[in-house]
1. Does any residue in the stretch 107-136 that is more than 15 Å from residue 12 (Cα to Cα) and acidic (Asp, Glu) come within less than 8 Å, Cβ to Cβ, of a residue that is modelled with pLDDT under 90 and in a helix (DSSP H, G or I) six or more places away or on a different chain, and which pairs are these?
2. Among (1) surrounded by fewer than 18 Cβ atoms within 10 Å (Cβ to Cβ); (2) touching a Gly at 6+ places or on another chain (Cβ under 6 Å), where does residue 29 come up short?
3. Look through the stretch 50-77, keep the residues that are closer than 26 Å to residue 119 by Cα and either of a type in the set (A, V, I, L, M) or in a helix (DSSP H, G or I) (or both), and return whichever of them is modelled with the highest pLDDT.
4. I'd like the residue in the stretch 29-49 that is polar (S, T, N, Q) and more than 21 Å from the chain's Cα centre (by Cα) and, out of all such residues, is modelled with the lowest pLDDT.
5. Determine which single condition residue 75 fails, assuming it passes every other condition in (1) closer than 24 Å to residue 18 by Cβ; (2) touching a residue at least 40 places away in the same chain (Cβ under 8 Å).
6. Six or more apart or on different chains, Cβ atoms under 6 Å: show the pairs whose first residue is in the stretch 9-30 and within 21 Å of residue 126 (Cβ to Cβ) and whose second is among the charged types (D, E, K, R).
7. Might you check whether a residue that is under 16 Å from the mean Cα position of the chain (by Cα), crowded, with 19+ Cβ neighbours inside 10 Å, of a type in the set (Phe, Trp, Tyr) and at pLDDT 90 or above occurs anywhere in the stretch 122-135?
8. If you go through the stretch 114-131 one residue at a time, do you hit one that is under 30 Å from residue 35 (Cα atoms), in contact with a helix residue (DSSP H, G or I) (Cβ under 9 Å, 6 or more places away or on another chain) and of a type outside the set (A, V, I, L, M, F, W, C)?
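The values are calculated or read from the model by the stated rules, or taken from the named source; none is laboratory data. Every value quoted in this text rests on a predicted model; they were computed, and no experiment measured them. Neighbour counts run over all protein chains shown; Cβ positions are idealised from the backbone, glycine included.
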Amino acid sequence: MESRQLLLAGAKKSLPIVLGYLPLGFAYGALASIAGISLPLIVMMSLLVFAGSAQFISVSMLAAGAGSLSIVATVFLVNLRHLLMSASLATYLPQFPRKFLPLLAFWLTDENYAVACCEFRESEKNHLYMLGLFGTAYGGWVAGSALGGMLGGFFTSPSALITMEYALYAMFIFLLVIQCTERKLLFAACISGVLSLLFYLTIPGSWYIMLAAVCTATMGVMAEKWMS
């Protein structure tokens, strides 16, 4: 396939992600606008951070008058799960040109990771395909943020935007369903969900996702070795 065709093929695969990012990015931009953040800064945060949960948290902390160090520390803890996702995805990328890896790493999100794993399991993918997939999702998030920042003034209360957050949960459920193609994957998803809830209720902070992922992965490796 030609380079343009590979990019377009990846872009088409990201359309379900974009459909989820547009309303969620809009909600972020509108909430940031209501919090008094200017449009250029709203868009700049999406361009430089590109992490939905981190951006929502940053907006709420900025509105509450939190300091920059506390915001950076909180965002770091919230996004620790990206270490696990990038380590898992790296096993599929040994043939990719190294110059593209930093860009793919920056564009990595939960949704991109889920779709990319499904694609790699089906067949080997070119770096241009992945650039089209990740880059289109990135553009969708930035576009949604810009629209929310421009139209946020029409909303009189942040509660009017809370319902848009359901788009995120719906998208996560969809991505989980398309990944559970085997019984062992479904079992791992259930175990991870139970552990996440348990750790969330018993451990303070944002460590519950990381701990659940590590525990589930460890149990999976041990089970594979035992069965073999």
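1. 110/81; 110/85; 110/172; 110/175
2. (1)
3. Taking the stretch 50-77 and keeping what is closer than 26 Å to residue 119 by Cα, we get 50-53.
With the extra rule that they be either of a type in the set (A, V, I, L, M) or in a helix (DSSP H, G or I) (or both), the set shrinks to 51-53.
On the way: 51: 87, 52: 82, 53: 80.
Among those residues, the one meeting the criterion is 51.
4. Step one: list which residues in the stretch 29-49 are polar (S, T, N, Q), which gives 33, 38, 46.
Restricting the remaining residues to those that are more than 21 Å from the chain's Cα centre (by Cα) gives 33, 38.
On the way: 33: 86, 38: 90.
Only one residue fits best here, namely 33.
5. That leaves (2) as the condition not met.
6. 17/111
7. yes
8. Step one: filter the stretch 114-131 for residues under 30 Å from residue 35 (Cα atoms), giving none.
Checked the stretch 114-131: no residue is under 30 Å from residue 35 (Cα atoms), in contact with a helix residue (DSSP H, G or I) (Cβ under 9 Å, 6 or more places away or on another chain) and of a type outside the set (A, V, I, L, M, F, W, C).
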